[in-house]
Amino acid sequence: MAMALRTIGRRTSFLRRGFSSLSEATKAPTDGKLINLFSAINQALHIALDTDPRSYVFGEDVRFGGVFRCTTGLADKFGRNRVFNTPLCEQGIVGFAIGLAAMGNRAIAEIQFADYIYPAFDQIVNEAAKFRYRSGNEFNCGGLTVRTPYGAVGHGGHYHSQSPESFFCHVPGLKVVIPRSPFQAKGLLLSCIRDPNPVVFFEPKWLYRLAVEEVPQDDYMLPLSEAEVIRQGTDITLVGWGAQLSVLEQACEEAAKEGISCELIDLRTLIPWDKETVEASVRKTGKLLVSHEAPLTGGFGAEISASIAERCFLRLEAPVARICGLDTPFPLVYEQFYMPTKNKILDAIKATVKY
Amino acid sequence: MAAAAAARRLPAASLRQHRPLLLRPFASSSGDQQPITVETSVPFTGHKIEPPSRSVETTPSELLTFFRDMSLMRRMEIAADSLYKSKLIRGFCHLYDGQEAVAVGLEASITKKDAIITAYRDHCIYLARGGNLVEAFAELMGRRAGCSKGKGGSMHFYKKESGFFGGHGIVGAQVPLGCGLAFAQKYIKEGTVTFALYGDGAANQGQLFEALNISALWDLPAILICENNHYGMGTAEWRAAKSPAYYKRGDYVPGLKVDGMDVLAVKQACKFAKEYALKNGPLILEMDTYRYHGHSMSDPGSTYRTRDEISGVRQERDPIERVRKLILSNDIASANELKNIEKEVRKEVDDAIAQAKESPMPDPSDLFTNVYVKGFGVEAFGADRKEVKAVLP
């Protein structure tokens, strides 16, 4: 049985097709090249550094290209003064980035794995998020963008797989953005860098090489705080972000075979999140399911669930379902059991629709 | 502990058969304990402290034990390398080969009541602390028989009865923990100390200095050992630290720089450090060492340093070769006997791997155990979170 579960849990290379049901509004315009996620992020960083001479990229091991190749070529093109390595000190990296941003620069700090972001948690929550507020708008660190890879990767274990996005969603003053694909990542990252608020940008590390999509070479931005309906449906609304969307999409396909029409929404920005789009969708379908890799209790699904229950209480036909990681530390060998897999989501879709 | 050490040593009888004629009578076993004085490769350098002498006392049996233990560790790490490449070990695997002298020398100078805490490059320290080879391999492969029941993996080896506190993934986080252990030891008053090991990359973490300050303020018996293998993952020490003289970084806390590839120097320094710390509070030891593998199995280890550098260190400073030369030049054993030890060690490792492979994966219900103390009623759900619900014991 364990073997079967393992096979079920394994992600397929679905994403190589790209999202076939991409809504027309954000379809890549022209002159796109097929590239993967880390190349898209790399392009975004190149453009950001090109267009603003006061922008900087730094973090652990970024000069040679970074452990995930997101920063390749930047040091050669823009020089050591703008693209540089820091010692191994996350708190120092972010604190330093906040200072740089406070002087009007765009500081793009990289935390090598989201699992290591906790020493910097104080700086992000207490310094970055509240700077504008407590100085009465005299100072701000809007130029701060913290980029970090998050999420399960198949064998990451406790400290290379965590999804800490919900900790940061609890902090007014911050923005949290998570892309689902290369095209989204480039546009969203450029928006984050240019947004006048401090942003934490989580990159789904599973998709760095796996997700391949047509991405235009030019400079384009995607709007923040706007969710995107990537699949229209009528029976149930599914909400997710990042790598989890590919799993949700697979579940949608399977559900469609059983005659259940699912509407899939990519939240994209977690705070401030697009309540209106989700509400409009739930008013159409009457049912909601949220799925994320982070543990169930206190995950961002809880916020979405409570907000929608408030707004759509009389319209809801079933309790909001949350299919998330289990309430345990991210396990070593049990990853397939821990993860919110396609089958778990499918079962919940059916249970919710038949409530 | 003595029994375990004796078990690992060659039986004295077979040794005497091959030893060339000596002035001492053969019959006495005191030959194994005859003290030999060896000079360390380089003198110690002290920071705000008078360094110990370069002359180290050792015995033939101790040198043989060192040789065997380090060969065992070297073999284990190389075997782990091939297991990883054949995907039996998954996840992250950080190998310690090249640095064995630190683990072995440290262990030789302390008791099992002293505590050791380290970061993720912990396989050999686990072994030095009396860890079981089968349990080590089982843990690496994520099996039930592993020392952490298969739930920790390569980075999380522990051994409570020998005072080995692990095994930590987050860089630098183990140092304040180590100082806390020392704090407790000071209360227990059994003349024990804590050795908190960290790397040159972690030396730039702020929490280290916080822990040092507290330890110095309260005179805690904490010894911080910086295993300086000169590369923090792929970053050379001079690129990460303004002052790569890590033994001086304690400022008001004295420090000692030690050749970490010389097991006798390590032993001398740790013995000295333990005596010092019990009387005066914290001390920093910087072990100048080197790792042959990359940072982890995902790192080839050759993009940020030349192969010449690696082979140069291997030729000139390898810890096992150094002990081998000492043994041969002091006529403690012949080259053949040493080769036999290596063969035995190889077999021991192969047997352990075979045994570890037989252990099954942990039971899926183990996913939920030990999140909290037993009895806190963790709920487990079926796939749909509605139909099937169970409260775990």
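Each reported figure results from applying straightforward, stated rules to the coordinates on display, with no laboratory input. Since the model is a prediction, treat every value here as computed from it, not as a measurement. Heads up, the Cβs are rebuilt from the backbone with ideal geometry, glycines too, and the neighbour counts pull from every protein chain shown.
Could you bin all the Cα-Cα distances of region B:112-269 into 10 Å bins starting at 0 and give me the percent of pairs in each, rounded to whole numbers?
11, 37, 37, 14, 1
Taking the Cβ of B:Ser243 as the center, what net charge do the other residues with Cβ under 14 Å away carry, scoring Lys and Arg +1 and Asp and Glu -1?
+1
Specify the residue with the greatest mean-square fluctuation among B:Glu227, B:Glu286, B:Glu237, computed from a Gaussian network of chain B linking alpha-carbon atoms under 10 Å apart.
Maximum among the listed residues: B:Glu237.
Among A:Thr269, A:Thr277, A:Thr297, B:Thr194, which comes first, then next, by fewest other beta-carbon atoms within 10 Å?
The most exposed by this proxy come first: A:Thr297, A:Thr277, A:Thr269, B:Thr194.
Would you list the P(r) distribution for chain B, with all Cα-Cα distances sorted into 10 Å bins from 0 and each bin expressed as a whole %?
Percent of Cα pairs in each bin: 5, 22, 31, 25, 12, 4, 1, 0, 0.
Treat region A:128-265 as a sphere of radius equal to its Kirkwood radius over Cα pairs and apply Stokes-Einstein at 4 °C in a medium of 1.567 mPa s; give the translational diffusion coefficient in µm²/s, rounded to a whole number.
78 µm²/s
Taking the Cβ of each residue in A:His155, B:His47, B:His295 as the centre, tally the other Cβ atoms inside 10 Å and list the residues starting with the fewest.
Listing A:His155, B:His47, B:His295 from fewest to most nearby Cβ atoms yields A:His155, B:His47, B:His295.
How much length would be gained if the chain were fully extended between B:Trp218 and B:Ile78, taking 0.36 nm per residue of separation minus their Cα-Cα distance, in nm to one decimal?
Separation in residues times 0.36 nm, less the Cα-Cα distance, equals 46.2 nm.
Where both partners of a DSSP beta bridge lie in region A:228-354, what percent of those bridges are antiparallel, to the nearest 5?
Among the beta bridges of region A:228-354, antiparallel pairing accounts for roughly 20 percent.
Check chain A for me: any Cys whose beta-carbon has no other cysteine beta-carbon within less than 4.7 Å?
Result for chain A is A:Cys70, A:Cys89, A:Cys141, A:Cys169, A:Cys192, A:Cys312, A:Cys324, no neighbouring Cys Cβ within the cutoff.
For A:Tyr133 and A:Thr234, what is the calculated FRET efficiency with R₀ set at 41 Å and r taken between the beta-carbons, to the nearest 0.05?
So the FRET efficiency works out to roughly 0.45.
Suppose we keep just the alpha-carbon trace of region B:204-259; what are its Rg and Dmax in angstrom?
When restricted to the Cα atoms of region B:204-259, Rg and Dmax are 12.0, 36 Å.
Which percentage, to the nearest 5, of the DSSP beta bridges contained in the protein assembly as shown is antiparallel?
Of all bridge pairs located within the protein assembly as shown, approximately 30 percent are antiparallel.
As an exercise, use a Förster radius of 22 Å and the Cβ-Cβ distance of B:Arg144 and B:Lys113 to find the FRET efficiency, rounded to the nearest 0.05.
Efficiency computed from Cβ-Cβ geometry: 0.15.
Taking loop as defined by DSSP and a crowding limit of 16 other beta carbons within 10 Å, which GluC sites (Glu not before Pro) in region A:120-212 fit?
Answer in residue order: A:Glu138.
Could you check the spin-label model distance between B:Trp238 and B:Val373? Points 7 Å from the Cα along Cα→Cβ, value in nm.
Result for the modelled spin labels: 5.4 nm.
Give the span of the protein assembly as shown's Cα atoms along each principal axis, as three whole-Å numbers ordered largest to smallest.
Here the spans come out as 98, 57, 51 Å, largest first.
Can you give me the Cα centroid spacing of region A:304-355 and region B:144-199 in angstrom?
38 Å
Take each uninterrupted DSSP H stretch in chain B, measure its Cα extent along the helix axis, and return the ones at 18 Å or beyond whose mean Kyte-Doolittle hydropathy is at least 0.0.
Helices meeting the span and hydropathy rule in chain B are B:174-188, B:263-280.
Taking amide H positions as placed in the peptide plane 1.01 Å from N, state which residues far from B:Gly232 in sequence (5 or more) or on other chains have amide H under 5 Å from it.
B:Glu237
Arranged by the count of other C-beta atoms within 10 angstrom, fewest first, what order do A:His170, B:His123 take?
A:His170, B:His123
Kirkwood Rh over Cα pairs of region A:228-354 into Stokes-Einstein at 25 °C, 0.890 mPa s: D in µm²/s?
Result for D is 171 µm²/s.
Taking R0 as 41 Å, what's the FRET efficiency between B:Lys160 and B:Glu57 from their Cβ-Cβ distance, rounded to 0.05?
FRET efficiency, B:Lys160 to B:Glu57: 0.80.
In chain B, what percentage of the DSSP-assigned beta bridges are antiparallel, given to the nearest 5?
For chain B, the DSSP antiparallel bridge percentage is about 40.
May I ask which of B:Lys113/B:Lys271; B:Lys159/B:Lys357; B:Lys149/B:Lys189; B:Lys85/B:Lys149 have a Cα-Cα span longer than 25 Å here?
B:Lys149/B:Lys189
Amide H neighbours of A:Ala211 under 5 Å, counting only residues 5+ apart in sequence or on other chains, H built in-plane at 1.01 Å?
So A:Ala211 has HN proximity to A:Leu37.
Pick from A:Ile178, A:Ile230, A:Ile41: which residue has the top mean-square fluctuation in a GNM of chain A where Cα pairs under 10 Å get a spring?
Fluctuation is largest for A:Ile230.
Using a Cα distance threshold of under 24 Å, what count of lysine pairs results for region A:228-354 when pairs must be 8 or more residues apart or interchain?
The number of close lysine pairs in region A:228-354 is 19.
Along the Cα-to-Cβ line of B:Thr45, 7 Å from the Cα, sits a label point; which residues in region B:255-283 have backbone N less than 15 Å from it?
B:255-261
I want to verify the translational diffusion coefficient of region A:2-215 in µm²/s; compute it with Stokes-Einstein, Rh as the Kirkwood radius over Cα pairs, at 37 °C and 0.692 mPa s.
Rounded, D is 185 µm²/s.
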